[in-house]
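Structure, as structure tokens:
The values are calculated or read from the model by the stated rules, or taken from the named source; none is laboratory data. Remember, predicted model here, so these are calculated numbers, not experimental data.
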Amino acid sequence: MFVYDKKLQYPVKIAAVNPRLAAIIITQYGGPDGELGASLRYLSQRYAMPFDELKGLLTDIGTEASKLFHSGVFASGINSFIA
């Protein structure tokens with residue numbers, strides 16, 4: 001059993017609304033070189049890897065907490081900038 005606590009590990013504090021900065025940050029979230037794209041590339045490359053040990057490594061890198069954590073921080077920051 002677990003308890004889901006919906007809060008970021010590091011709180012995002014935004015003082016003022018800034019849509020231009022939000023547009024720049026969103027490219028880091030879902031752009032071609034963003035965190036989500038990087039995670040999906042690692043996960044898709046694992047299917048072409050002939051070595052099982054390296055398949056596991058690509059899976060770990062693609063799903064590691066820091067990649068998913070970065071995505072959560074970016075999403076919270078963007079939401080704060082445009083809200």
- [ ] Those residues that are at pLDDT 70 or above and closer than 30 Å to Pro19 by Cα, I need them from segment 51-72; list them, please.
- [x] Gly62, Thr63, Glu64
TODO: Name the residue, out of Ala48, Ala15, Ala38, that is at pLDDT 75 or above and within 15 Å of Ser76 (Cα to Cα).
DONE: Ala15
